[in-house]
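This report refers to the structure that appears directly beneath it.
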Amino acid sequence: MTTDYSAQYEEQIRILEKRFNELLDEQKPASLYEPCRYIITSGGKRLRPFLVLISAKAAGGEFNNAYNAAVAVELLHNFTLVHDDIMDKADLRRGRETVHIKYGLNPAILSGDNLVAIAYKNLILDCKRNTIDILNEFTNGLIEVCEGQSYDTDFETTESVTLDEYLLMIRKKTAVMAMMCCKVGALLATDDKKHIEALGDFGINLGMAFQIQDDLLDIMADQEKFGKKVGGDLVEGKKTFLYIRALEKADKADKEKLLEVTRNKGIDWNQVEEYRQLYIKLGVIDDAVSEIKKYTENALGSLNRLPASEAIETLKWLANALIKRAK
């Protein structure tokens, strides 16, 4: 009988959604907890908490012993979103008003801070072993996300960013969080350092592939499936994998065209197709696909260091599903 991995994923997400919906019921003051509830219940892929659950299972544990930790990493992730949106002056998140737009700047800052504290409170509930290591991984994940966000902010005013610098930034801002989720899940279930490291390697490589795929989807996705306008990174003048790689490969004329993106702090929506064609001409779409494939293969390879199980097969399914996603 073939396992339906997507059904398993959806079942765990339903369990998690119930927990998110009930987490802050009747907590007061409302001025603090309403914004917290608003962001926690705003949906999303819930990839990070699922990584905690399935990594715990892959390391020989049970879902039931990892739900609080899974909730904790999603709270931490949502804290970063609230504060990122403030820094980016973003109006929308997942099709809804951002927290600072809906509730005001001060409540948004405070609710973000509160989410971190509640995250630790939930994490500790599942710490029956390896407590210091779990808290260390969780805290290092938070520190590196902040470092990654700082690099990202610096890039906005830095004229030239190398591909190595960009890869370091996405490693810290995105990939380290996925690694932390996998290692925390593993630490909840086992003391085997080799298995913990293997799952961490899976997470870091999956996170790198995920972010470069995001960059690629922003310019190449089917707009209907993508759920938002294609080309937003160029319109905002962001330095992505594709943009930096294009600058590396461009001749003088094409380089001048590309530099207009950052000089003008973005382009108009009606120019997106022109730049998309330039990316295709320079071969950077193929470069991004190759890079995504490389990191995905690295992630899958790390799983060979773990005993075979249904949970390992679920992780393989997840890695392949993420690089085939349309949004």
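The values are calculated or read from the model by the stated rules, or taken from the named source; none is laboratory data. What you see is a predicted model, and the numbers here were worked out from it, not measured in a lab. FYI the Cβ positions are ideal-geometry reconstructions off the backbone, even for glycines, and counts take in every protein chain you see.
In region 1-30, what residues are among the hydrophobic types (A, V, I, L, M, F, W, C) and exposed (fewer than 12 other Cβ atoms within 10 Å of the Cβ)? Matches in region 1-30: Met1, Ala7, Ala30. Residue pairs whose Cβ atoms lie under 6 Å apart, sitting 6 or more positions apart in sequence or on different chains, and linking a residue in region 306-327 that is within 24 Å of Lys193 (Cα to Cα) to a partner that is of a type in the set (Gly, Ala, Ser) and modelled with pLDDT of 95 or more, are Leu306/Ala198; Ala311/Ala58; Ile312/Ala58; Ala319/Ala299.
For region 28-57, taking the residues that are touching a Cys at 6+ places or on another chain (Cβ under 8 Å) and not charged (D, E, K, R), the one that is nearest to Arg94 (Cα to Cα) is identified as Pro49. If we scan region 202-219, do we find a residue that is free of Cβ contacts under 8 Å to residues at least 60 places away in the same chain and among the acidic types (Asp, Glu)? Yes, some residue in region 202-219 is free of Cβ contacts under 8 Å to residues at least 60 places away in the same chain and among the acidic types (Asp, Glu).
Of everything in region 198-228 that is touching a Phe, Trp or Tyr at 6+ places or on another chain (Cβ under 7 Å) and of a type outside the set (Asp, Glu), the residue that is farthest from Cys182 (Cα to Cα) is Ile219.
Residue count for region 282-298 under the criterion of being in contact (Cβ under 8 Å) with a residue 12 or more places away in the chain and more than 19 Å from the chain's Cα centre (by Cα): the result is 5.
Screening Glu17, Glu26 for residues that are out of contact with any strand residue (DSSP E or B) (no Cβ under 7 Å at 6 or more places or on another chain), under 22 Å from Ile118 (Cβ atoms) and assigned to a loop (DSSP other than H, G, I, E, B) leaves exactly one candidate, Glu26.
The lone criterion from (1) surrounded by fewer than 19 Cβ atoms within 10 Å (Cβ to Cβ); (2) in contact with a Lys or Arg (Cβ under 9 Å, 6 or more places away or on another chain); (3) over 25 Å from Val176 (Cα atoms); (4) among the aliphatic types (A, V, I, L, M) left unmet by Leu282 is number (1). Among the residues making up region 63-97, a single one is closer than 15 Å to Cys181 by Cα and acidic (Asp, Glu): Glu74.
Of the candidates Leu135, Leu51, the single residue that is within 30 Å of Ser302 (Cα to Cα), without any contact (Cβ under 8 Å) to a residue 40 or more places away in the chain, surrounded by 16 or more Cβ atoms within 10 Å (Cβ to Cβ) and not acidic (Asp, Glu) is Leu135.
Taken over region 80-104, the criterion of being touching a residue at least 40 places away in the same chain (Cβ under 8 Å), in a helix (DSSP H, G or I), charged (D, E, K, R) and buried (at least 17 other Cβ atoms within 10 Å of the Cβ) is satisfied by Asp84 alone.
When region 63-79 is filtered for residues that are without any contact (Cβ under 8 Å) to a residue 40 or more places away in the chain and over 17 Å from Glu34 (Cβ atoms), only Asn64 remains.
For region 141-155, a residue qualifies if it is more than 16 Å from the chain's Cα centre (by Cα) and touching a residue at least 40 places away in the same chain (Cβ under 8 Å), and the qualifying residues are Thr153, Phe155.
Residues checked against (1) among the acidic types (Asp, Glu); (2) within 23 Å of Thr157 (Cα to Cα):
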| site | (1), (2) |
| --- | --- |
| Lys239 | no, yes |
| Asp251 | yes, no |
| Asp254 | yes, yes |
| Lys257 | no, yes |
| Glu274 | yes, no |
| Leu300 | no, no |
| Arg325 | no, no |
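Among the conditions (1) over 17 Å from the mean Cα position of the chain (by Cα); (2) in a helix (DSSP H, G or I); (3) modelled with pLDDT of 95 or more, Pro107 misses just one, which is (3). Condition test on Glu224, is it over 21 Å from Ala69 (Cα atoms), among the acidic types (Asp, Glu), modelled with pLDDT of 95 or more and in a helix (DSSP H, G or I)? No, not satisfied. Those helices (runs of 4 or more DSSP H) of region 125-194 in which at least 2 residues are over 27 Å from Met87 (Cβ atoms), considering only elements entirely within it, cover 131-157, 176-189. Screening His77 with (1) surrounded by 17 or more Cβ atoms within 10 Å (Cβ to Cβ); (2) touching a Ser or Thr at 6+ places or on another chain (Cβ under 6 Å) gives one miss only, at (2).
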